[in-house]
Amino acid sequence: MPEGHTLHRLARELVATFGGQVVRSSSPQGRFESASGLDGRELVDATAHGKHLFVSFADLAEQVHVHLGLYGALTFVPEANVEVVGQVRWRLSTAAATADLRGPTACELLNPGEVAAIYARLGQDPLDPGADPSVVADRISRSKSPIATLLMDQRVIAGVGNVYRAEVLFRQGLDPLTAGTDLESGSVDRIWADLVELMEVGVDRGRIDTVRPEHEPSAMGRAPRVDDHGGEVYVYRRTGQPCLVCGTAIRTSSLGARNLFWCPRCQRRR
DNA sequence: TAAGTATGTTAAG
DNA sequence: TTAACCTACTTAC
């Protein structure tokens, strides 16, 4: 679930569900000690940058910082008095709704300086309308690291995870191991534009769909297929299966302890 | 019941 | 580069 689009969607849902309302706040699991200090306060706003979520309350300078990590989740139920199931780090609720946070890497109350420090170390977010893609292009064009590594580096681009990385490289026809310095001019701009498009779709749908209409399995005479992660993709976790465009078996390897997926025929070094 | 897996990040070696 | 961490779910034994 948690690449950048997920956090932006959750920020939107938090505002829609609790914005401007006095909320109950608790930590059923007990591991978010600041939760009780937020009880009875008005939730003012929730924003996301990259994979980080920030929640603010009336008359409180500190903000709650949430990072979902690999398997954290924030789920909403349109009811009050919901039974606690499993490990719930933070629960927000009103008479009309309950939100439960499970398994986050981070759930902490941060002062303005600490929040600023997180923003300072993050790169441009494709989902931020004010983002400056030229900063990203400069940085990538000067790096010898593989484009696959650079795309996942949150200091360069904030919010891209393993699925968007694999999919945008396929859509751009790029070999994942191409060095940043070897990318032809304009490549990074096309990657950025594609990420903006794909991630905006991700926020709207709550899933990662990257397959163009002409390559949909249904359009190719095959049955529709949706991966466990909940979207329709070209290469992510499709190891050994035929490429939706050329039929070549999708390959996988490990790069920096993360799984890499690509089509050896459609994705060439240039 | 245990092991393995996952869309992530940090700190230790 | 490796291990550790946070949780739920699937698969193996």
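Along chain A, the exposed loop sites are GluC sites (Glu not before Pro) outside DSSP states H, G, I, E and B with at most 15 other Cβ atoms within 10 Å, and the longest stretch free of them is A:84-183. In terms of surrounding Cβ atoms within a 10 Å radius of their Cβ, A:57, A:76 rank from fewest to most as A:76, A:57.
Each listed q (0.11, 0.15 Å⁻¹) maps to a log10 I(q)/I(0) for chain A from the Debye sum over equal C-alpha point scatterers, namely -0.67, -1.08. Pairs of Cα atoms nearer than 8 Å and 6+ residues apart set the relative contact order; for chain A it is 16 percent.
Given axes a ≥ b ≥ c from the Cα gyration tensor, I'd like to know whether segment A:13-171 is rounded (a/c under 1.5), prolate (a/b larger than b/c) or oblate. It is prolate, given that a/c is not under 1.5 and a/b is the larger ratio. Helix content alone sets the calculated 222 nm mean residue ellipticity of chain A: runs of n ≥ 4 DSSP H residues at -39500 (n - 2.57) each, divided across all residues, give -8000 deg cm²/dmol. Just checking the listed ones, A:65, A:215, A:49: in the Gaussian network model of chain A with Cα springs under 10 Å, the one fluctuating most is A:215.
Each Cα pair under 8 Å and six or more residues apart adds its separation to the average, and for segment A:1-155 the resulting relative contact order is 22 percent. When you filter the trypsin sites (Lys or Arg not before Pro) in segment A:111-145 for DSSP loop state and at most 12 other Cβ atoms inside 10 Å of their Cβ, you are left with A:142, A:144.
Coordinate-derived values only; no laboratory data. This one's a predicted model, so the numbers in the text were calculated from it and none came from an experiment. Counting neighbours? That spans all protein chains shown, and the Cβs are built from the backbone with ideal geometry, glycine included.
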